[in-house]
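S.K.: Handing you this structure, nothing more for now.
The values are calculated or read from the model by the stated rules, or taken from the named source; none is laboratory data. Here the structure is a predicted model, which means the values were calculated and not measured. Neighbour counts run over all protein chains shown; Cβ positions are idealised from the backbone, glycine included. Side chains included, ligands, DNA and RNA excluded: accessible areas come from the protein's heavy atoms. Shrake-Rupley method; radii C 1.70, N 1.55, O 1.52, S 1.80 Å.
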Amino acid sequence: MARYITVAIHTYEKAIALRRQLENEGIAVELNNVNLEVPGFSSGVRVRIPETDLPLALRIIENGELFAVDSGKNSGHTILVPVDLSENSYKAACLAANIAASQRARLHFLYSYIDPYIAGKVQFTDTLTYEVGDRGAREQMVQNARQLLENFVTRFRNAMKHGTLPVVKYEQTVIEGVPEDAISEFAKANAPYLIVMGTRAADQKDKEMIGSVTAEVLDDGHFTVLTLPEPVGLEQALQPRNILFLSNLDQNDILAIDTLYRLFGSEGTNVNIVHIPKKKRFSDSSADKALRALSDYCRNNFEHYHFETVPVSQADSEREFMRLNEIKPFDLVVVPNRRRNAFSRLFNPGIAHRILFRTDIPMLIIPV
């Protein structure tokens, strides 16, 4: 028989609230010293739990506000985590949780699904038709989607309870729609501080939907996005030590580096500043001068980082990038990203696209 110990002493009302909270997390609770005839006037009610559950109970009590998940409008920074319920999606959620804890932010899990009953009815006509019998099936599909996300979030919640993840506030939403459209529309409506997305390994991205989903979100150009490729470990993603920063040689570079520094400001981090011009805007000498000026400014204002400027040939920038990555592999590539029209994205994809689809390096895409 389990030995029960007192974990707290409260008034009757507070003891009842604590019992409800602990029982919701799977902990058995006993209340002692309760005046059953006049409970409203009871004081000194002992909240007792099995001794083996003490570490978990203390963690829940210490973070009671955070475990009380709410569904109202949040305040402060929000990190959006689109999930496809895969293992790498869960790893991205763990990465987002660690960032949220350091930034005093909260998470919002988003899962989107496509209604095959509606998609299957789309015809090249002016009207759509629906079968009456489909309604019940669609409602069941919505319930299934919600349950799938709930299972995903329960795993995440249990990791917080047992101390393998930092405790952060979170919300969850299930939405119907094509994933890339659902993510963009939800982000526009809720203005997240950051979007964290898991991606497939480089050799699978052409085959898997998530690769194109991430690319579409990057192309939107409105949001700061952190990508986590499947082969990359969580520890490497949390503490990037060798970073490649793709400079545009304008004042937006400083804002982008400031965003990077606030997210990953670990001491001893090496940042390689590279400029790959799309057009011959600068002569070689003026570009070198601008790079030196940027590097000097950064050294004086971002003290935890060590900055280097790296010369790259404009003629074959992708091969140069691969060469640099072979010498000392990058843990993170930072791309200040300008939104481009659909035609240019299709026929002249930017370096962010090429890195996304051909390498397994996390990327931080910052809109400028």
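One line per residue, one yes/no per condition, for (1) within 19 Å of residue 78 (Cα to Cα); (2) under 17 Å from the mean Cα position of the chain (by Cα); (3) buried (at least 17 other Cβ atoms within 10 Å of the Cβ):
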{"residue": "144", "(1), (2), (3)": "no, no, no"}
{"residue": "149", "(1), (2), (3)": "yes, yes, yes"}
{"residue": "153", "(1), (2), (3)": "yes, yes, yes"}
{"residue": "156", "(1), (2), (3)": "yes, yes, yes"}
{"residue": "159", "(1), (2), (3)": "no, yes, yes"}
{"residue": "162", "(1), (2), (3)": "no, no, no"}
{"residue": "166", "(1), (2), (3)": "yes, yes, no"}
{"residue": "177", "(1), (2), (3)": "no, no, no"}
{"residue": "187", "(1), (2), (3)": "yes, yes, yes"}
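S.K.: Give segment 103-134 a look and list any residue that's open to solvent by 80 Å² or more (accessible area, probe 1.4 Å) and modelled with pLDDT of 65 or more, or say none.
M.R.: Hits for segment 103-134 are 104, 114.
S.K.: Ok, one more. Consider only pairs whose beta carbons are under 7 Å apart and that are at least six residues apart or on different chains; among these, list those whose first residue lies in segment 316-338 and is over 25 Å from residue 222 (Cα atoms) and among the basic types (Lys, Arg) and whose second residue is modelled with pLDDT of 80 or more and surrounded by 13 or more Cβ atoms within 10 Å (Cβ to Cβ).
M.R.: Here the result reads 328/242, each pair linking segment 316-338 to a residue that is modelled with pLDDT of 80 or more and surrounded by 13 or more Cβ atoms within 10 Å (Cβ to Cβ).
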